[in-house]
Amino acid sequence: MQNEQERLGKPSGQADMAVTEPDAGARLILVLGGARSGKSTFAEELAANSQRSVAYIATETDSDEALHARILLHRAQRPQVWHTLEEPLDLAGAVRRASSLADVLLLDCLTLWTSNWLMQQTGIDWNEQVVAEMLFAENALKEVEAMLHVLRALPAHKTLIVVSNEVGTGLVPEYALGRAYRDTLGYVNQHLARAAERVYLLVAGIAVDLKRLPEKAIL
């Protein structure tokens, strides 16, 4: 019996897209982890410890009172000298705008962006599970690649830190929409990990550099 990886295959667009080399343009650092793993705190510490100007790109939307309160709390916790951009969908545009404000760009998080982007898609028949899932993954990867294209054009002294969840270690979602979300985020994380100079995995608040395990965590 074919496993799910063989059944779904890989988005055709993923193989066709160019992969950013670590020394091409600005630097990319990817911070992964599960829920409450400490990934956002770690990413913010990386940015703060750089002692450089920071622009924070927030993808969370202010959709209800609870989220509004959470957004206000997060704003209060960040250093007042940081610039904040709220952009739920346009990754490339957000990185371009943030790069004009600061040297270190912190995008938190790609998980919410994937959810926001999925909710904007129309004309997809989720009953055609394989077709719908693969179409969404390919189109989302194009959006991410557009962001990387902007990053390649930035000066080498700029750094983009991207925070994302690792969601592929749990149960297989029952519905096609849930599987599309999980699989797409997994493909996006893979694409960014290949392009990143450093990839940190947070487990119980402890960061492991997946590309340079012996080295100390630095920006």
From phi via Karplus (6.51, -1.76, 1.60), per-residue ³J(HN,Hα) for region 98-111 in Hz, x at Gly/Pro: 5, 5, 7, 10, 8, 8, 10, 10, 10, 9, 9, 9, 6, 4
For L106, residues with placed amide H under 5 Å, excluding near neighbours: A55, Y56, I57, I161
Hey, rough spin-label estimate for D90 and I206, points 7 angstrom out along Cα→Cβ, what's it come to in nanometres? 4.3
The Cα radius of gyration of region 25-209, divided by 2.2 N^0.38 Å with N its residue count, comes to 1.01
In nm, to one decimal, how far is the modelled label at S50 from the one at K142, with both set 7 Å along Cα→Cβ? 3.0
Between T41 and E174, what FRET efficiency follows from the Cβ-Cβ distance if R0 is 45 Å, with the result rounded to 0.05? 0.90
Under a 5 Å amide H to amide H cut-off, with H placed in plane at 1.01 Å, what residues pair with L89 once short-range neighbours are removed? none
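Every read-out reported here was derived from the displayed coordinates using simple, explicitly stated rules and does not represent laboratory data. Keep in mind it's a predicted model, so treat the numbers as computed, not measured. When we count neighbours, we look across all protein chains shown, and the Cβ atoms used for this are built from the backbone with ideal geometry, even at glycine.
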